[in-house]
Protein chains: 2
Amino acid sequence: MQPAPALLLPQKLANTLRDSLIAGDFTPGQRLSEQALCTRLRVSRNTLREAFRLLTTEGLLEHKVNRGVFVTTPTIFSVIDIYRVRRTIEYRALSHSYPKHPAAARMQEAVDHAKAARQRGDWHDVGSANMRFHAAIVALADSTRLSEFYAQVAAELRLSFFLLDDPELLHAPYVDMNAEIAGLLTQGRAQDAATALEAYLNQSERTLLAALARSAGSGP
Amino acid sequence: MQPAPALLLPQKLANTLRDSLIAGDFTPGQRLSEQALCTRLRVSRNTLREAFRLLTTEGLLEHKVNRGVFVTTPTIFSVIDIYRVRRTIEYRALSHSYPKHPAAARMQEAVDHAKAARQRGDWHDVGSANMRFHAAIVALADSTRLSEFYAQVAAELRLSFFLLDDPELLHAPYVDMNAEIAGLLTQGRAQDAATALEAYLNQSERTLLAALARSAGSGP
DNA sequence: CCGTCAATATTTGTTGAACAATAATATTTG
DNA sequence: CAAATATTATTGTTCAACAAATATTGACGG
C-alpha cells in the first residue's frame with residue numbers, strides 16, 4: 001500500500017495556487033510577481049514557473065510575454081463560452097444517465113447540503129454545494145476527460161463570481177431548481193431533468209451576465 | 001501591426017514535440033530522456049521540463065515520478081473515454097448548428113479533400129482531412145474552449161492509430177459517411193446530420209476497439 | 001547456470017545564480 | 001509640463017550543482 005501518490009512540487013504548487021485563486025485570495029487582473037511568490041512559498045523560480053504554466057493552460061492565469069502572469073479577468077465573452085461548454089457537457093450527461101448511478105446520490109447530497117446552508121444564510125457554502133451538484137451531473141457520463149475539463153472550466157467560472165458582490169443573487173435562486181432536477185432524475189425522468197437543467201443554465205447565465213455588465217460599468 | 005505573437009520557448013517546444021508525437025516519430029511507451037532531448041533540441045533542461053508538463057496535461061505524455069516521461073500508450077479505456085467526449089461535443093455542435101456557418105464550408109472542403117486523397121490511396125491525407133472535418137464540426141459550436149479541448153483529445157486519439165498497421169481500415173470507410181453528414185447539414189437537416197454522426201462515431205469506435213484488441217494480443 | 005544482494009552509475013527533482021532582453025520607472029532636458 | 005533619455009526591476013533562458021530515487025553492474029552463494 002503506497003503512502004501517497006507523491007505529487008511533484010510544481011503540481012502541489014499549482015494546487016495550492018488554484019485553491020487560493022478560487023477562494024478569491026487574489027483579485028482578477030492582479031499581477032503575480034515571481035520573486036514575491038518564490039519567497040512566500042519557499043520554492044525556486046523555475047518550479048514556480050512550471051506551476052504558472054499549468055494554471056495558464058487552465059485559464060486561471062494569463063501570461064503576457066515579458067510582463068509576467070496575471071489573474072485572469074473574466075469577460076462577457078468568457079462567460080458566454082463557458083456556458084456553452086456547460087450546456088454541451090451537462091445536458092448530454094444528464095439526458096443519457098440512469099438514476100442508480102453513484103453520482104446521482106452525490107447530486108442529492110449536494111442539494112440537501114445546499115438547502116441547509118441556505119437556511120443558515122451561508123452563501124459561500126451554498127455556492128460550493130452548487131459546484132458539487134453540477135460536477136456530479138458531469139460525473140454521470142463516466143468520463144474522466146470530461147470531468148477534468150469541466151472542473152477546469154468551473155474553476156474559471158468561479159473567478160467571475162468575485163467581480164460581483166451579491167453572492168445570494170448568484171446562488172440562492174438555484175437551490176430549488178437543482179432540487180427539482182435531482183428529483184426528476186430519481187423518478188427516472190432523465191430527459192425531463194435535462195430540459196430543466198437547460199432552463200437552469202439559461203437563467204443562471206443571464207443573471208451572471210447582467211450582474212457582470214452592471215459591475216463593469218462601476219469599474220475603472 | 002505586430003510581427004508575431006512571440007510564442008515563448010516552452011510553448012514552441014511543446015508544439016514541435018506535439019507534432020512529432022502525432023506524426024508518429026516516437027512509439028507509444030517510449031521513454032523520452034531529458035538529456036538526450038535537451039541536446040537534440042538545443043534547449044535547457046528546465047525549458048524542456050516545462051514543455052513536458054504541458055504535454056502531460058494534454059494526455060500525450062505520462063509522467064512517472066523519478067522515472068521520467070513516456071509517450072502515452074493508448075488503452076481500450078482511453079479510447080472509450082475519448083469517444084464519449086466526441087459524442088458529447090460533436091453531437092451537440094452539429095445538432096444545434098446552422099448551415100451557413102463558416103465552419104460548414106470547412107467541413108465540405110475536408111470531404112472533397114478526403115475523396116481526392118482516397119482516390120490516390122493516400123491514407124495519411126485521408127486521415128488528416130478526417131481530423132479537419134470533425135474539428136470543423138466542433139467549430140460550429142463557436143466555443144474556443146470546446147475547440148481547444150477537442151483538439152487535445154483528437155491528438156490523443158491519433159496516438160492509438162499508430163498501434164495499428166492498417167490505415168485504410170481506419171479511414172477509408174468514413175469518407176462517405178462524412179460526405180453524407182455534410183450533405184445533410186447543407187440541406188438544413190442538422191438533426192438528421194447529428195444522428196448520422198452518432199452512427200459514424202459508434203461504428204468508428206467499434207472498429208478501432210476491435211483493431212486495438214487484435215493488436216494487443218499480438219503485442220508483448 | 002541462475003537468483004540475491006550490495007556497490008556503482010544514471011537519471012530525475014529541485015535549487016540557486018547568472019545574464020541578456022524587455023518593460024517600468026525615474027531623471028534630465030527642451 | 002512634455003519628450004527624450006538613463007536607470008532600475010522583471011522576465012526569459014541557461015547553466016551548474018546536489019540530494020534522492022532508480023537502473024545497472026558485479027560479486028557471491030546456491
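Filtering region B:43-89 to residues that are out of contact with any strand residue (DSSP E or B) (no Cβ under 7 Å at 6 or more places or on another chain) and over 30 Å from B:Ala141 (Cα atoms) leaves B:Val43, B:Ser44, B:Arg45, B:Asn46, B:Thr47, B:Leu48, B:Arg49, B:Glu50, B:Val65, B:Asn66, B:Arg67, B:Thr73. Restricted to region B:58-112, and to residues there that are within 16 Å of DNA strand D (Cβ to nearest atom) and touching a Gly at 6+ places or on another chain (Cβ under 8 Å), the residue that is farthest from B:Leu185 (Cα to Cα) is B:Phe70. In this structure, does A:Ala116 turn out to be small (Gly, Ala, Ser) and either facing chain B (nearest Cβ under 9 Å) or surrounded by fewer than 19 Cβ atoms within 10 Å (Cβ to Cβ) (or both)? Against the criterion (small (Gly, Ala, Ser) and either facing chain B (nearest Cβ under 9 Å) or surrounded by fewer than 19 Cβ atoms within 10 Å (Cβ to Cβ) (or both)), A:Ala116 qualifies. The numbered conditions (1) out of contact with any Asp or Glu (no Cβ under 8 Å at 6 or more places or on another chain); (2) more than 12 Å from every other protein chain (Cβ to nearest Cβ); (3) not hydroxyl-bearing (Ser, Thr, Tyr) are all true for A:Ala155 except (1).
B:Ala211 meets all of the listed conditions (1) exposed (fewer than 15 other Cβ atoms within 10 Å of the Cβ); (2) within 26 Å of B:Phe26 (Cβ to Cβ) but one, namely (1).
The residues in region B:39-70 that are of a type in the set (Val, Ile, Thr), crowded, with 21+ Cβ neighbours inside 10 Å and more than 10 Å from DNA strand C (Cβ to nearest atom) can be counted, and the count is 0. When A:Ala154 is tested against (1) without any contact (Cβ under 8 Å) to a residue 24 or more places away in the chain; (2) over 26 Å from A:Leu55 (Cα atoms); (3) not β-branched (Val, Ile, Thr), only condition (2) is not met.
If you check B:Ala23, B:Ala36 for being within 13 Å of DNA strand C (Cβ to nearest atom) and either under 30 Å from B:Ala136 (Cβ atoms) or surrounded by fewer than 20 Cβ atoms within 10 Å (Cβ to Cβ) (or both), only one passes: B:Ala36. Being more than 19 Å from B:Gln108 (Cα to Cα), modelled with pLDDT of 95 or more and aromatic (Phe, Trp, Tyr) is true of B:Phe149.
Of the residues making up region B:1-59, those that are more than 9 Å from chain A (Cβ to nearest Cβ), in contact (Cβ under 8 Å) with a residue 60 or more places away in the chain and not in a helix (DSSP H, G or I) are B:Gly24, B:Thr27, B:Pro28.
Is it true that some residue in region B:96-111 is within 14 Å of another protein chain (Cβ to nearest Cβ) and either closer than 19 Å to B:Ala23 by Cβ or touching a residue at least 60 places away in the same chain (Cβ under 8 Å) (or both)? Yes, some residue in region B:96-111 is within 14 Å of another protein chain (Cβ to nearest Cβ) and either closer than 19 Å to B:Ala23 by Cβ or touching a residue at least 60 places away in the same chain (Cβ under 8 Å) (or both).
Within region B:103-140, track down each residue that is touching a His at 6+ places or on another chain (Cβ under 7 Å) and over 15 Å from B:Tyr174 (Cβ atoms). Answer for region B:103-140, where residues must be touching a His at 6+ places or on another chain (Cβ under 7 Å) and over 15 Å from B:Tyr174 (Cβ atoms): just B:Leu140.
Each row is one residue, and each column tells you yes or no for (1) charged (D, E, K, R); (2) crowded, with 18+ Cβ neighbours inside 10 Å.
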position	(1), (2)
B:Ala104	no, yes
B:Gly121	no, no
B:Asp125	yes, no
B:Asn130	no, yes
B:His134	no, yes
B:Val138	no, yes
B:Ala141	no, yes
B:Glu148	yes, no
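It is to be established whether one or more residues within region A:206-220 are more than 14 Å from chain B (Cβ to nearest Cβ), outside any helix (DSSP H, G or I) and not small (Gly, Ala, Ser). So far as region A:206-220 goes, yes, one or more of its residues are more than 14 Å from chain B (Cβ to nearest Cβ), outside any helix (DSSP H, G or I) and not small (Gly, Ala, Ser). All told, A:Glu180 falls short of being away from chain B (no Cβ under 14 Å), surrounded by fewer than 18 Cβ atoms within 10 Å (Cβ to Cβ), at pLDDT below 95 and part of a helix (DSSP H, G or I).
Against the test of being of a type in the set (Lys, Arg), under 21 Å from the mean Cα position of the chain (by Cα) and closer than 20 Å to A:Glu50 by Cβ, the options B:Arg18, B:Arg67 yield a single qualifying residue, B:Arg18.
The values are calculated or read from the model by the stated rules, or taken from the named source; none is laboratory data. From a predicted model like this one, the values you see are computed outputs, not experimental measurements. Don't worry about glycine lacking a Cβ; one is built from the backbone with ideal geometry, like all the others, and counts go over all protein chains shown.
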